[in-house]
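Bear in mind these aren't lab numbers, they're just calculated from the coordinates by the rules spelled out. Worth saying up front: this structure is predicted, and the values here are computed from it rather than measured. Here the Cβ positions follow ideal geometry from the backbone for every residue, glycine too, while neighbour counts run over all protein chains shown.
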2 protein chains.
Amino acid sequence: MGRNLKDRVCIIGIGWTAFGEHFDKSYEDLVADAGWAAINDAGITRDQIDAAWIGTAFPDAGVYKGRSGMDLAEPLGLFDVPVVRVSNYCTTGAEAIRGAVNSLLAGESSVVLALGVEKLRDRSPQESIVKMMVEMGHPLYQKGFTAAGTFAVYASRQFVRYGVTREDLARVSVKNHENATLNPKAHFRKAVSEEQVLRSPMVADPLTVMDSCPTTDGAAAVILVRAEDAEKYSGVPVFLKGMGMSVSSGWDLPYFDSAYDLTSFRATRVAAEKAYREAGITNPREMIDLAEVHDCFSIVELLTYEDLGFCEEGEAKELLRSGATRRDGEIPVNVSGGLLSCGHPVGATGVRMVCEVVEHLRGTAGERQVPGARTGLTHNIGGPGAVASVIILGKEKDT
Amino acid sequence: MGRNLKDRVCIIGIGWTAFGEHFDKSYEDLVADAGWAAINDAGITRDQIDAAWIGTAFPDAGVYKGRSGMDLAEPLGLFDVPVVRVSNYCTTGAEAIRGAVNSLLAGESSVVLALGVEKLRDRSPQESIVKMMVEMGHPLYQKGFTAAGTFAVYASRQFVRYGVTREDLARVSVKNHENATLNPKAHFRKAVSEEQVLRSPMVADPLTVMDSCPTTDGAAAVILVRAEDAEKYSGVPVFLKGMGMSVSSGWDLPYFDSAYDLTSFRATRVAAEKAYREAGITNPREMIDLAEVHDCFSIVELLTYEDLGFCEEGEAKELLRSGATRRDGEIPVNVSGGLLSCGHPVGATGVRMVCEVVEHLRGTAGERQVPGARTGLTHNIGGPGAVASVIILGKEKDT
């Protein structure tokens, strides 16, 4: 049995904080800001919410908050309903949405809140995720093999196998930073040149600082209801068309499987296949009007073009060079500025992407609006390569 | 809309490790032991599982494992399906089951695994949860106000208000330790006398060491399917009748609400009301044949008698003194030995309780079998008092 998700659940409210450094706001402030924005956008009252999910990936890399549903319930005063915390590395935000969707379809709840939040800037980057990963005794991180290092290996492999160049990586960063100049909530809102990216300090060869997303605070929230109930609420509904999540053996796959050639993320492919099947997407490049994909490092956006079927394997560099993924191209990718410019408050990112796509489908994305967008996609990959999520959203119910 | 859970989902496989000190087993070993036991008990193959949930509450209080679905997927080799981690303090295990149930009812999956695991003994108790709570800047823990201290306040209040005595607290511990002598998987399997409990070292007046559950390693797992599919599998089905979860403002409630009198946990009452409504339980004392309740401290079992409606407020001590909650009583509570004897590997506890009740409903609980048990209940409360879960299980479908 496959879940028949298409057009059964809709998003009627969205809200998110600016992404950036929020030294003046606590974790609870971020929860309240995003949560109340979504509640108000949906035109509901707090008391109508009968279940909620909170996604935070790294409580101990930040402010020791986000361990339980209480860290959502208390800032919003949302009591006497089930509230649970989920975590799954970089798909954490998408998992909050998945929990909410399953609850609605199970009939457990009728109006649900899914919120992702991460506060990482209160500790220095050296003190936060990397330190925690070393402490947890991860076999790669202990040897200094960080996220940047892990993804750099994929970039090097692409250089050799498909002729991707450092300039191609820089082009991803240039495109996404240019998009972010139109996004008032992005962490970085300045255009950068290819030259600047190439000359920025090397983090893990061939990835420079500007090939890498920053460490960021932020929160994002959505309110969901069953599609049949949409007309009861004033919030403009956007419909879920498909959703896929998958776990692969990411971190270790290169070491487990001697045939693995570091050119693709299996988790993304499995998640996309499920989401496309539910949504009836047979030709992603033609049928999807915009995509927010997980460009934690520039190379990941390129690999993801192929894993999502926007082009064939080995052709990502041509798709990029053609301009097809620019804001005015055939299939705009990361119109928001992506993780490279918005930053990556881990638990918030997947929800922020959904909020971005909803804005475009509603036609309310302002200066960065993708004209006439009817179908959008969000994608996350984390743990490097182990967990992936793909969500498809549509402006209208299919007839 | 209320979810109509009754008789729609069943448990066809259970498995759990012995609870105790597992210095010879890694977190992954515990996951594999409980997971494979449940898979084998259900008579399925691993490849039939199409989604899974892992509950771990305190990765950083133990072994830095249990942050994502990967920590379930890798030990079991369970790839290409969604696997997510949930956490909600002491209801974490129950939340893994709730996620699995919602997925089945949503039609997202057909055969699901819910597994709870915690490995706490590899760090000394002083280095683990308490230290972590202090580091997270919790306003109570920072002042040395630990879980034992928080629950001790409830005990003191019961002494004054309802005439509960230290001997009553000791009676809970004596009863549960006696039960544990028949449970080969309990952490402590020795009977203790009232005198021993009363003379054991004071932790937080009036709670002694033997009024408190130990720090324990363990894992527990269940396999669930929709009830309509039960006959496809060889595993003996036990049916879910009702499930309630609720978040209250636990830790802080006494400070937020000046009328709060420390005699009840609102979260338990709200969760129980929902579970009872779904299950059609109108008279819990008569209709429930056994209950596993969250006796993290002896006083909590007493308060829970009242919150679950086994007796009126103020009457818990009489219910206990009457012997009604002994293994051979009218409504046996913590036949397994409870948290006081089994220990409390936080993420595992809620799932372990469900496994225990399933054994009794199947009639396979060995020496500690509650004869003729047809309806059982599990209960968790955590965060002290903030999050609660109640699950009702039945031997057969209602006609």
- request: Taking only Cα atoms and a 10 Å spring cutoff, compute GNM fluctuations for chain A and point out the largest among A:220, A:186, A:94.
  value: A:186
query: Which of the lysines could a cross-linker span from residue B:317 if the Cα-Cα distance has to be under 23 Å and same-chain partners fewer than 8 positions apart are dropped?
result: B:175
task: Could you tell me how many degrees, from 0 to 90 and to the nearest 10, lie between the Cα long axis of helix B:266-279 and the main elongation axis, the longest principal axis, of the Cα atoms of chain B?
output: 40 degrees
query: Build a GNM of chain B with springs between Cα atoms under 10 Å: which of B:119, B:190, B:65 gets the top mean-square fluctuation?
result: B:190
Average other protein chain Cβ within 10 Å of Cβ, residues B:262-270: 1
Centre separation in Å (Cα based) which lies between region A:71-125 and region A:184-241: 18 Å
task: Going by C-beta contacts inside 10 Å, put A:349, B:17, A:325 in order with the fewest on the left.
output: B:17, A:325, A:349
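For region B:169-219, what does the alpha-carbon gyration tensor say about shape, rounded, prolate or oblate, given a ≥ b ≥ c as the root eigenvalues, a/c under 1.5 as rounded, and a/b over b/c as prolate?
It comes out oblate by the Cα gyration axes.
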field: residue A:367 paired with residue A:160, simple spin-label distance in nm, labels 7 Å along Cα-to-beta-carbon
entry: 4.4 nm
query: What lysines could a cross-link reach from residue B:6, if we take a straight Cα to Cα line under 20 Å and drop same-chain neighbours fewer than 8 places away?
result: B:232, B:241, B:274, B:395, B:397
query: Other chains near B:380-391: what is the mean number of their Cβ atoms within 10 Å of each residue's Cβ?
result: 2
task: Rounded to whole Å and sorted largest first, list the principal axis extents of the Cα atoms in region B:286-399.
output: 35, 32, 29
- prompt: Among A:27, B:233, what is the fewest-to-most ranking by other Cβ atoms within 10 Å?
  reply: B:233, A:27
statement: Between residue B:399 and residue A:198, the two model label points (7 Å from Cα along the beta-carbon direction) sit apart by a distance in nm of 8.2 nm
task: Determine which lysines satisfy two conditions relative to residue B:25: a Cα distance under 26 Å, and not lying fewer than 8 residues away in the same chain.
output: A:131, A:143, B:65, B:119, B:131, B:185, B:190
statement: Listed residues A:24, A:50, A:41; largest mean-square fluctuation, Gaussian network over chain A with Cα springs below 10 Å, found at A:24
- request: Give the Rg/Rh ratio for region B:23-131, taking Rg as the radius of gyration of the Cα atoms and Rh as the Kirkwood radius, to two decimals.
  value: 0.99
- request: Could you check what % of the DSSP bridge pairs in chain A are antiparallel, to the nearest 5?
  value: 75 percent
message: Sort B:277, A:352 by Cβ crowding within 10 Å, fewest neighbours at the top.
response: B:277, A:352
- request: Using only Cα atoms, find the angle between the long axis of helix B:27-42 and the longest principal axis of chain B, and express it within 0 to 90 degrees, rounded to the nearest 10.
  value: 60 degrees
task: Measure nothing but the geometry: give the 0 to 90° angle between the long axis through the Cα atoms of A:346-362 and the longest principal axis through the Cα atoms of chain A, rounded to 10°.
output: 70 degrees
Long-range Cα-Cα pairs in the protein assembly as shown (distance over 54 Å), rounded percent: 9 percent
From the C-alpha gyration tensor of region A:201-244, square roots of 5λ in Å: 41, 14, 7
